[in-house]
Each structure stands twice: as C-alpha cells, then as structure tokens.
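These notes are about the structure you will find just below.
No value in this document is a laboratory result; all are computed from the given coordinates. Since this is a predicted model, take the numbers as computed values, not measurements. Don't worry about glycine lacking a Cβ; one is built from the backbone with ideal geometry, like all the others, and counts go over all protein chains shown.
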Amino acid sequence: MDNKDSLVLNLQNRIIVLEKARKSDSEFVKYTTYTAKETERRLNGLEVSKDSFSKSDYISFVAMLIALISAICTGLYFIYGVFKKKQVKKREFFNGAWGSEGDIINPQPLPYLSFVIETNLDDGKITGTYYPNNKSYPVALSINGQLKSGKAKIKITHISQQKEFVYGKAELEIREKIMNWKTISGEKELFPRLSNAWKVNHDPSFFTF
C-alpha cells in the first residue's frame, strides 16, 4: 500500500469516527430534548392535577359548610319555636285578676294585693289596674310594665289634673302558679314588701274597702 492509499484509508476511518460521534451527539440531543419535554409535560400534568384537587377540595368544603349552616339554622329555628311557645304560655298565665292576703314578711291587716293585668302576647307589654285597700288613695291606679324572661317590672301610677303620679314600682315573677310580688319602691300603706298572689275568679276589687 502506497502513501496515497494509506491516506485515503485514514480519511475513511476518520469519517466513520466522526459520523459515529455525530450520531451519538444527535441521539444525546434527541434524548435530552425528549427528556426535557417529558419532564415539562409531567410537571404540567401534576400542576393540573394539583389545581383540580384544590378546586374539588374547595367545593367539598363549601358543601360541608352549607350543610352545617343549614343544620344549625334548623336547630335554632326549633329551639326558637319551643322558647316562643313557653314565652306565650307565661304571658297568657300573667293575664287575669290576682289577689293576696297581705305581706308575708311582716304580717299585718294591711296592705293586701288586688290587681288585674293584661299581657300582650306578642311583645310582653303589661297594662292593668291596681286596687288600693286604703280610702286615702284613689279607688283604682294604673299598671304599666314589661314582661321579660319570666319576670315583669311594673309601675303603678295615677293621672290627676293631667299629671302623672307614681305611687310605686314592683317586680312580679311566677313560681309554680303563684305570683311573687316584690316592692321596689312605693307607699307602705299600699304595697307589701313581699307577698304571694294567686288568681281570683271573683271581682278583682274584692279586697278593696
């Protein structure tokens, strides 16, 4: 083999080596490109899955919250209905004529209780008439007050010459169908400090003199 043939052979071998190297580089680039694209695709897929999970979780949370609120509202409505019925019964029981036998702390002939009250079933407002058992006072006095949470605070007044005179204030409370009367302020000749009253079927002015 002369020098020319040897040179040609070396060139051919070099070409083969370069082609193999180029092919390897091409496959590497192709693989790298594929790997990068696949990684990006998988990453996007994970992000979509994550977003879908978050939305699903959010929807579930909202649905659960709505169900919980509905249950609470239903329970509160039921409780309010029971409370309202008891409240109306108390207001109904307050209505009517009431009387007593005097002060249970300091027993004495006077004073007795004799009064009639009417309670508004919607708002608990009280109006009525108090009958003094003392001739030194008007035959009948006005009662005004408010029933709240089973207790009523009333004011006993009389209007004369277009002026309102306050004779006393008291607190009323029903316990076992008996009304407890507690005088907050007022004339000792008219109101017992503490007394029990019950409903009377006769003339409410029965105890007046």
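The modelled label-to-label distance between residue 188 and residue 149, using points 7 Å beyond Cα along the C-beta direction, is 3.2 nm.
In this simple spin-label model, placing a label point 7 Å from the Cα along the Cα-to-Cβ direction at both residue 72 and residue 196 gives a separation of 4.5 nm.
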